[in-house]
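Contents: one structure, followed by commentary.
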Amino acid sequence: MKAQRLLIHLLSVLILILWGGVMIYFHVSGRVINYLPSDGLFRPLMLIGGIGMVVLALFNLLTYSQDEGACCSHDHDHAHDGPCGHDHGHASKEGTCGHDHSHDHAHEHQHEHQDGGCGHDHGHDHKEGCCDHDHAHGHAHTHDHSHGKAHDHEQHDHAHGILEEGSWIGRLVAVTILAVPLTLAAVRSPDQFSANAILNKNFYTPNYGTGARAEQFSLGNKMEAAKAAAPKPAAAKTDTGTATTTAKPDNAPPPGVAAASAAMADGTKKVNEKDIPAPAQESKSYGTFTLEDLKAQVPQSKDGNFILEVPELYYTGGDVEVQKVLTGQMVETIAQVLPEKVNNEDGHRLRIFRMLVQCCAADARPYSVPVDFGKKAPEFKEMAWIKVVGKMGYKKEGDQTVPIIEATKVEETTAPDNAMIY
């Protein structure tokens, strides 16, 4: 019995170490970045939980020898002597809650009835002034109760937990369920989604005008928020009085003209107003957006390309003001690639995407934009990481304004440190 309990105890300890060890391993190896965001409490709590499980397992292992002293064991011998006799003897083992009880009861009742069959001896002596009755009653009762009981209860084994209850078949099933899936997941699970998983997340039916993360990745929204948070301009004194300075002069050109002028100045493209697409029904204006605003919030490469993430490019499809500025500008981005299966009859397009995570990898969804090569698109392995450089354009397709990169250079590259965007 002790050997069985020891084996069950060791199995419980090993399972705790396994669960805690896997959580610690994912954190130390860096694999956790593919599953949980860096901000918030998810990653620290996972590490703390893993350490806590290992500590609990070691504590249970070191304190196993104290389990025996916590249980009660009774030895009771029952021996019944006679119909009513009870002799209770409790012998308890040392170190438990044993009792030593001894009860001996002896009652003797004897009834002697005389005269008249009822065992009553009545003498009546009638005195004067009463009914001259002399009553004498003599009762003798004898009861003999002999009780002899002894209780012998063997030591009780107390079962605690799923592994200590039921048969060995049940225990093996429990160990398998607790250990095998976790081990296989830790060893064999890929740290990225498969192509089929991506396609099943409405990959080819994006809605560029809406999304839960627009406030974070929409260039127009971010600029408006920055302007709202900026301090009010200070008043400056002039010869004629007090005037308020403004960031933008009243005679500043419209955003589309500013974008065209900037594009012609750096020689990227000759832009005129007809190149700027008419806003789609779902495209909105989130306020005035200029080329200066774009430069203020988007870094540029040494070649002058605006370095944007795919979700930022994606959300420009819903902001007409940003579209006017970004049309014709050189951009570059790093993303994964899959074939384009919509509006690609001539085979000139590929689709690039990044996975955007709201809370954890379970809710990740792809944000994608098409890349047009103007000729037969090159072949890349599905899910490969590529770096794309090209000019931004917008095209009305169906009821949406689709942001499109007109590629000038594409090459395979290594995955970024964070394969998913948080």
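In region 66-73, the condition of being over 21 Å from L178 (Cα atoms), modelled with pLDDT under 75, in a strand (DSSP E or B) and outside the structural domain of A174 (by TED's automatic domain parsing) is met by no residue. Taking the stated definitions as given, is T333 under 32 Å from the mean Cα position of the chain (by Cα), hydroxyl-bearing (S, T, Y), outside the structural domain of S38 (by TED's automatic domain parsing) and at pLDDT 95 or above? Spelling it out, T333 is indeed under 32 Å from the mean Cα position of the chain (by Cα), hydroxyl-bearing (S, T, Y), outside the structural domain of S38 (by TED's automatic domain parsing) and at pLDDT 95 or above. Filter region 2-17 for residues that are in contact with a Leu (Cβ under 8 Å, 6 or more places away or on another chain) and charged (D, E, K, R) and give the result. Across region 2-17, there are no qualifying residues. Screening region 40-56 for residues that are of a type in the set (A, V, I, L, M, F, W, C) and closer than 13 Å to C360 by Cβ and picking the one that is surrounded by the fewest Cβ atoms within 10 Å (Cβ to Cβ) gives L41. Given the criteria modelled with pLDDT of 95 or more, of a type in the set (S, T, N, Q), within 35 Å of the chain's Cα centre (by Cα) and crowded, with 22+ Cβ neighbours inside 10 Å, does T327 qualify? So T327 does not fit the description; no. The condition of being modelled with pLDDT of 80 or more and in a helix (DSSP H, G or I) holds for only one of L163, L172, that being L172. Residues that are assigned by TED's automatic domain parsing to the domain that holds T176, in a helix (DSSP H, G or I) and over 15 Å from the mean Cα position of the chain (by Cα) occur at least once in region 30-38. Of the residues making up region 25-39, those that are without any contact (Cβ under 8 Å) to a residue 24 or more places away in the chain and surrounded by 18 or more Cβ atoms within 10 Å (Cβ to Cβ) number 2. Checking each residue in region 297-356 for being aromatic (F, W, Y) and within 16 Å of K391 (Cβ to Cβ) picks out only F306.
Checking each residue in region 356-366 for being within 13 Å of N200 (Cα to Cα) and either among the aliphatic types (A, V, I, L, M) or in contact with a helix residue (DSSP H, G or I) (Cβ under 7 Å, 6 or more places away or on another chain) (or both) picks out A364, P366.
The values are calculated or read from the model by the stated rules, or taken from the named source; none is laboratory data. Note that the structure is predicted; figures quoted are calculated from it, not measured. Don't worry about glycine lacking a Cβ; one is built from the backbone with ideal geometry, like all the others, and counts go over all protein chains shown.
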